Amino acid sequence: MRRHYLIITTALALCLGASFPEQAQNQRPTPTPAAPRGNSATAPPPQQQQQQPRGFDLTEYGVRIQPEARLMVMMAALDAAGFDPVPTGQEPSVFRTQVRRDQAELDEGLRKRLQDFFERNRLKTQGGTQPTPAEQAARYVSLAYALGPAPGFDAPARTDDLPAGLLEVLDFAPLLREFYRKSGIDSRLPAYLKMHQEEGDRLRRPTAEMVRFVLSYLHTRPTTTTLERVPVRSPASGQKKDAQPKYTVREHERRFFIVPDLLAASGAVNLRVIADDYYVIVPEGTDPTSSEMRRAYLQYVVDPIIARFNRDIAQRREQIKLLLDERMAAGASVTPDIFRAVARSLVAAAEVRLEEAIKVDSLVRETRSRMDKTPGADARALLAKEMQSARSAVEDESLAQLADAYESGAVLAFYFADQLHGIETSGFDVSNFFADMIASFDPVRESRRLTETTAARTRALAARRTRRDQRQSDREATERATEGTPGAAERAALIKNLTDVEKMLQLKDYPAAEARLKLLLQQFQGEPRIFFALGQTSSLWARDTTDDDLQAARLNQSLTHYRMAIERSSTDTESALVCRAHEAMGRILAFLDRPVEALKEFDAIIQTNACDSALKSAAVEGKKKLGQQK
């Protein structure tokens, strides 16, 4: 089967698209609703859904969170080639610093060829707009997914089926193979993978919240498999001119991959759709409940609905094309593909309605809380008036977002938003209404949408400017307040440095972690958190040491650091750190076969009320094991 590549790049705002092969009409119908249902007007937003039911399995909804080795190698090669998305004045992340340290001895001839290729194929400024780092990297991300696995990284044949952007950098594949052979990255990949997996673990819970919220709003469940009719040829039938063609059915799994990329440009979410697989590449620190991730998952859910009703859409081809032609005549760059236009429209409408539901729910909750605390009818009436004004502003912003989508080719965005508003509380699967929706829109009515929303859009744009100015003012006020607060900037710097050290330990870069901590100790003399981190560093370093004498020396060094952390801590304000230090010392002393001292550390935890139950249980278990050794 011919592979269809659809490449969409997003940088803080996804450009959505879809590709539908002819066999799409053979897809399995969307299953009946099985996801949790709720009234979208009152459904709590993702960030408020704290508890997940037991057994919630993301794979049942098509979602997998896993790193991609090909992408890691590609991004490391790009870094060697000179790709640097770190903003001026900011320090690179711990992981990027580690990668650069690992590649410091890279063959200079290879580095030069990588740099020459990257510079030669760098995107140029167009219309005074400088390409973003995410846009510079996007073609190479596409290439990573088009290549075979390491070490071959086999490239696809150069054909017109490949996107133009991918063709521009296809010749980077031989350089990537050479980089893999000469850089030694194959031996470092396990550690890199572990770092990416830890970022993926952080994404898991908020991703589940996002998935539940989307499916609850649409009252649907994603199509996770598709069926394709494939002609079957047999030697016997090939000799008969009048032989009836025979077909077999193949089942394809549809998957939505969330791929952590610790070398990606900050704030840039990239979506790649390759055949039935959707890949969302996210940088470190991404919030899965953000609109970019939600829009990507909405596309995954919506695309099969569009494919299922492609005949219904085709019957309205002329009316949809009329709307698209109007946008082209206005100078907009829009897709002529009516199926993509409909998909974009439904995704944009669902995203706007979801965002509005979140904002309105938050507004209602806040107003209700304030009213409960406000005596007097006049004051409560004023609060109600303020809420109505705020709700009108939310509706203006929704209309402005729909207008933006309409101008970019989502010509049914307004219409679908109205339809979704009408069925939100029904509890029925959105796909059950789609055939009626696509058959009922009036192209004349839709062509007037931009004009009708001019006033609301103007108000929304003014509100955006006000919010932007307010954020800038708040930042400046915070900076001024921080400057006037003794030690505030220093404390923030300490926390950042300790976070960086934690990432160094994840990479097992113990010498760099220890060096950073000793420098910090000169700046923050007697700081117990630094002593505790030094204890952790020495302990972890000892764990990975094979020489017995050196291991014992590092463990004793760790004990010294933990004792210093306890001595310099206040039991009133840093009791948790003291308890953790006692527990760590108890384990080390037990390992060093010093049971009497180990028992004292475990008893210190058991006898201290401030220590939490988990540490107390660990201390009791530690004492039990020591008793068994006698």
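The values are calculated or read from the model by the stated rules, or taken from the named source; none is laboratory data. Fair warning: this is a prediction, and the values are worked out from it, not measured in the lab. Here the Cβ is made from the backbone with ideal geometry for all residues, glycine too, and neighbour counts use every protein chain on show.
Here are the numbers for the structure shown:
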{"item": "Residues being out of contact with any helix residue (DSSP H, G or I) (no Cβ under 8 Å at 6 or more places or on another chain) and closer than 14 Å to Leu71 by Cα - total across region 172-189", "result": "1"}
{"item": "Unique residue being surrounded by 17 or more Cβ atoms within 10 Å (Cβ to Cβ), under 20 Å from Ile495 (Cα atoms) and either hydrophobic (A, V, I, L, M, F, W, C) or touching a strand residue (DSSP E or B) at 6+ places or on another chain (Cβ under 7 Å) (or both) when the list is Leu615, Leu589, Leu577, Leu559", "result": "Leu577"}
{"item": "Test: Leu271 is buried (at least 23 other Cβ atoms within 10 Å of the Cβ), of a type outside the set (S, T, N, Q) and more than 23 Å from Gly62 (Cβ to Cβ)", "result": "no"}
{"item": "Residue ID - surrounded by the fewest Cβ atoms within 10 Å (Cβ to Cβ), chosen from residues in region 128-153 that are part of a loop (DSSP other than H, G, I, E, B) and free of Cβ contacts under 8 Å to residues at least 12 places away in the same chain", "result": "Gly128"}
{"item": "Residue check for Thr560: under 39 Å from the mean Cα position of the chain (by Cα), within 28 Å of Lys503 (Cα to Cα) and among the hydroxyl-bearing types (Ser, Thr, Tyr)", "result": "no"}
{"item": "Condition check for Ser426: hydroxyl-bearing (Ser, Thr, Tyr), part of a helix (DSSP H, G or I) and either in contact (Cβ under 8 Å) with a residue 24 or more places away in the chain or in contact with an Asp or Glu (Cβ under 7 Å, 6 or more places away or on another chain) (or both)", "result": "no"}
{"item": "Residue within region 429-436 that is assigned to a loop (DSSP other than H, G, I, E, B) and at pLDDT 95 or above present", "result": "no"}
{"item": "Yes/no for Gln90 being at pLDDT below 75 and either assigned to a loop (DSSP other than H, G, I, E, B) or under 22 Å from the mean Cα position of the chain (by Cα) (or both)", "result": "no"}
{"item": "Some residue of region 338-358 being of a type in the set (Val, Ile, Thr), in contact with a Lys or Arg (Cβ under 8 Å, 6 or more places away or on another chain) and closer than 29 Å to Met387 by Cα", "result": "yes"}
{"item": "Some residue of region 334-349 being in the same structural domain as Phe256 (by TED's automatic domain parsing), without any contact (Cβ under 8 Å) to a residue 60 or more places away in the chain and out of contact with any His (no Cβ under 7 Å at 6 or more places or on another chain)", "result": "no"}
{"item": "Glu91 of a type in the set (Asp, Glu) and more than 29 Å from Leu498 (Cβ to Cβ)", "result": "no"}
{"item": "Long-range neighbours under 6 Å by Cβ, at least six apart or interchain, first residue over 15 Å from Phe524 (Cβ atoms) and aromatic (Phe, Trp, Tyr) within region 553-574, second at pLDDT 90 or above and crowded, with 21+ Cβ neighbours inside 10 Å", "result": "Tyr562/Gly535; Tyr562/Ala581; Tyr562/Met585"}
{"item": "Residue that is surrounded by the most Cβ atoms within 10 Å (Cβ to Cβ) [pool: residues in region 66-93 that are closer than 14 Å to Tyr279 by Cβ and not aliphatic (A, V, I, L, M)]", "result": "Pro67"}
{"item": "Residues of region 437-459 that turn out to be touching a residue at least 40 places away in the same chain (Cβ under 8 Å), within 30 Å of Asp303 (Cα to Cα) and assigned to a helix (DSSP H, G or I), as a count", "result": "8"}
{"item": "Selection within region 173-192 - within 27 Å of Ala275 (Cα to Cα) and free of Cβ contacts under 8 Å to residues at least 60 places away in the same chain", "result": "Ala173, Pro174, Arg177"}
{"item": "Filter pass, Ser431 being surrounded by 19 or more Cβ atoms within 10 Å (Cβ to Cβ), polar (S, T, N, Q) and either in contact (Cβ under 8 Å) with a residue 40 or more places away in the chain or on the phi > 0 side of the Ramachandran plot (or both)", "result": "yes"}
{"item": "Residue within region 204-215 that is in contact with a strand residue (DSSP E or B) (Cβ under 7 Å, 6 or more places away or on another chain), within 26 Å of Gly285 (Cβ to Cβ), outside the structural domain of Glu356 (by TED's automatic domain parsing) and buried (at least 20 other Cβ atoms within 10 Å of the Cβ) present", "result": "yes"}
{"item": "Residues within region 529-547 that are closer than 19 Å to Asp593 by Cβ and surrounded by 20 or more Cβ atoms within 10 Å (Cβ to Cβ), tallied", "result": "3"}
{"item": "In region 362-403, the residues that are more than 16 Å from Thr453 (Cα to Cα), part of a helix (DSSP H, G or I) and in contact with a helix residue (DSSP H, G or I) (Cβ under 8 Å, 6 or more places away or on another chain)", "result": "Leu363, Val364, Thr367, Arg370, Met371, Arg380, Leu383, Ala384, Glu386, Met387, Ala390, Arg391"}
{"item": "Given (1) buried (at least 18 other Cβ atoms within 10 Å of the Cβ); (2) modelled with pLDDT of 55 or more, number of the condition Ala18 does not satisfy", "result": "(2)"}
{"item": "Boolean, Leu550 is surrounded by fewer than 21 Cβ atoms within 10 Å (Cβ to Cβ) and among the hydrophobic types (A, V, I, L, M, F, W, C)", "result": "yes"}
{"item": "Candidate set from region 295-340 (those that are within 26 Å of Gly62 (Cβ to Cβ) and more than 33 Å from the chain's Cα centre (by Cα)); member that is surrounded by the most Cβ atoms within 10 Å (Cβ to Cβ)", "result": "Asp312"}
{"item": "Qualifying residues in region 157-171 (those that are in contact (Cβ under 8 Å) with a residue 60 or more places away in the chain and in contact with a helix residue (DSSP H, G or I) (Cβ under 9 Å, 6 or more places away or on another chain)) - the one nearest to Ala77 (Cα to Cα)", "result": "Leu166"}
{"item": "Test set (1) surrounded by 18 or more Cβ atoms within 10 Å (Cβ to Cβ); (2) at pLDDT below 85; (3) more than 30 Å from the chain's Cα centre (by Cα) - Gln523 fails condition number", "result": "(1)"}
{"item": "Conditions (1) under 34 Å from the mean Cα position of the chain (by Cα); (2) not in a helix (DSSP H, G or I): number failed by Ser538", "result": "(2)"}
{"item": "Matching residues, region 417-439, being out of contact with any Lys or Arg (no Cβ under 9 Å at 6 or more places or on another chain) and closer than 20 Å to Glu326 by Cα", "result": "none"}
